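Accompanying notes for the structure given below.
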Amino acid sequence: MEICVIGAGYVGLVTSTCLAFLGNRVVACESNKDKLKQLESGKVPFYEPGLEELMGKMIASGCLSFDSDLETAIKAADVIFIAVGTPPTQSGEPDMSQVMAVARGIGAALDAKKPRIIVNKSTVPVGSGNWVEMLVNQGVEAIQMVPARSARQDSPQFSVVSNPEFLREGSAIFDTLYPDRIVVGSGDERADATMRELYKPILMQSFQAPSVSPRPDGMAQVAFVSTDLASAEMIKYSANAFLAMKISFSNEVAGLCEKVGADVRQVMKGIGLDARIGSRFLNAGIGWGGSCFKKDVQALIGVAREYNCPTSLLEATISVNERQRLTVITKLQEELKILKGRTIGLMGLSFKPNTDDLRDAASITIASHLIKMGAQVKAYDPVAASNCFHQHPELDIVYCHSLKELANQADALILVTEWDDFLSCDWPDLAKCMRKPILIDGRNFLPEQALTDAGFIYRGIGH
Ligand SMILES: NC(=O)c1ccc[n+]([C@@H]2O[C@H](COP(=O)([O-])OP(=O)(O)OC[C@H]3O[C@@H](n4cnc5c(N)ncnc54)[C@H](O)[C@@H]3O)[C@@H](O)[C@H]2O)c1
């Protein structure tokens, strides 16, 4: 099929590359000129394992190209994906201005040569499918008023569908090619059938797996969940809210475990083996972050407010997470008493491993609190340091090039991001160069015994 994807960020670029890999011809439309230049030269503007290699192959095969002009980009398209950002505003509501501009732009650029499907992949509040349809129509009408453009005799035909995205940064190609399910919300049978056809290679797992992301053992056919528009939009928000709630639940229980002398790791293992609960997303630590969870939980609360529905669970999910980030500072105070004048090293900055994304990262909250309290903050991250330096000039952080440099003369270390590289440290060597070998493991990730054997005072979360 001929595909256009508007917005070549984390979601749009992965979608474009994977749809090209599955045999479609894809034009990715990106309005940021710097990003576009990088993409055209084969560079991915963010860190995502395997993506640059696969994207390079797709560009070379002629299946993937880039453009900045919406009108040119959508000309040949049968299916047009909207994958622009919906970042949170100060009040927590999603900023829909990018979606609005794109929807009107699509309307202005559509012709009547063939029917199109407009797919909302951006995460948007319930009701946005109808709203996008209205905006596209506004774009269509606006252009029909322009005499020079009224050569377009017939009205363009289009359907709007919702196709929420569930990929995780760091494993985005894997999640796109081997998803748990594909959800499509639509009120139009023809659009639903086209989307099913587009995703057929994934649904049937009939493609040859790419070397950057081998097919997992036992991968079966993928479920296609066909719903109405509003239900698809609710599925996305509810899924993220539920995952965030699982982590916040573990963290609340972790606090209690510390008081009663239990170990949250054993408790979560014990409850996670219950198939009704499931073992994933039960890790206690400094909580969730990233571009989606907080934004989507807040947006769901916003929708509920419009309908006067109570949201106690959703509100608690956020407040537990905010509280949880600061537990590592409480632990530092218990160990060091005074934090003023101390040097604290942050191991990791990105909101999770295998990404350089710092959106709603715990590291930023922790660093700004420590700095406010008079501590000096050092940080080491294998890929996210440069983003932190450029995106957070307000934070006076000393960036280090290795864990050894981070540990040197530090009063304590905090494990913020569970990068695999951190598992293979020479712990005795690190302990020796610190002023005090204290390590707060914010993810319950590091080998406790090896650390204590090396002379560290080790503190985890919930045990
Ligand atoms: N990042 C994730 O892990 C993730 C996962 C699931 C869903 N989502 C959702 O997907 C959407 C996109 O997220 P993202 O992380 O990819 O955002 P992003 O900010 O990384 O990417 C959005 C891109 O759209 C481009 N853009 C904006 N307006 C444009 C226009 N008019 N024409 C062309 N390009 C335009 C921006 O320059 C940017 O490159 C959001 O709604 C998000 O909530 C994200």
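Throughout, read-outs are computed from the coordinates displayed, never taken from laboratory work. A quick note: this is a predicted structure, and the numbers were derived from the prediction, not measured. Note that each Cβ is placed from the backbone with ideal geometry, even for glycine, and that neighbours are counted across all protein chains shown.
For the reader, a short list of remarks on this structure follows.
- The chain - share of DSSP beta bridges that are antiparallel (%, nearest 5): 5 percent
- Reduced Cα scattering model of the chain, Debye log10 I(q)/I(0), q = 0.09 Å⁻¹: -0.66
- Shape analysis of region 326-459 based on the Cα gyration tensor places the equivalent ellipsoid semi-axes at 21, 17, 13 Å, largest first.
- For region 312-319, putting each phi into the Karplus relation 6.51 cos²θ - 1.76 cosθ + 1.60 with θ = phi - 60° gives couplings of 4, 5, 5, 5, 5, 4, 6, 5 Hz, in residue order, rounded to whole numbers and with x for Gly and Pro.
- PHE158 long-range amide H proximity, modeled H, under 5 Å: ARG116
- DSSP beta bridges fully contained in region 80-161 are about 10 percent antiparallel.
- In units of the compact-protein estimate 2.2 N^0.38 Å, region 2-227 shows a Cα radius of gyration of 1.00.
- Listed values for region 161-167 are Karplus-derived 3J(HN,Hα) couplings in whole Hz (6.51 cos²θ - 1.76 cosθ + 1.60, θ = phi - 60°), namely 10, 10, 9, x, 9, 10, 5, and x replaces Gly and Pro.
- Inter-centroid distance (Cα atoms) of region 339-371 relative to region 384-418, Å: 7 Å
- Of LYS236/LYS269; LYS246/LYS295; LYS404/LYS432, those spanning more than 21 Å from alpha-carbon to alpha-carbon: LYS236/LYS269
- Residue among SER291, VAL119, ILE74 farthest towards the positive dipole end of the chain, charges placed on Cβ: SER291
- Backbone geometry of region 379-389 corresponds, through the Karplus equation with coefficients 6.51, -1.76 and 1.60 at θ = phi - 60°, to 3J(HN,Hα) couplings of 8, 9, 9, x, 9, 9, 4, 5, 4, 5, 4 Hz, x marking Gly and Pro.
- For region 220-336, the spread of Cα positions along the three principal axes, ordered from largest to smallest, is 54, 37, 24 Å.
- Assuming charge only on the beta carbon of Lys and Arg (+1) and of Asp and Glu (-1), the dipole of the chain about its Cα centre is about 440 debye to the nearest 20.
- When region 2-227 is described by a simple charge dipole with +1 on each Lys and Arg Cβ and -1 on each Asp and Glu Cβ, the residue from GLY56, TYR10, GLY170 located farthest towards its positive end is GLY56.
- Shown here for region 307-396: GluC sites (Glu not before Pro) in loop regions (DSSP other than H, G, I, E, B) with at most 10 other Cβ atoms within 10 Å, namely GLU394.
- Positive-end residue, the chain charge dipole about Cα centroid, Cβ charges, pick of CYS29, GLN205, ALA375: ALA375
- Centre separation in Å (Cα based) which lies between region 257-274 and region 41-84: 45 Å
- Euclidean distance of C-alpha centroids, region 280-295 and region 100-145, integer Å: 33 Å
- GLN376 long-range amide H proximity, modeled H, under 5 Å: GLY341, ARG342, THR343, ILE344
- Under 5 Å between amide hydrogens, built in the peptide plane, is the criterion, and for PHE66 it picks out ALA28 among residues at least 5 positions away or on other chains.
- Bridge orientation summary for region 2-227: considering DSSP beta bridges with both residues in this region, about 5 percent are antiparallel.
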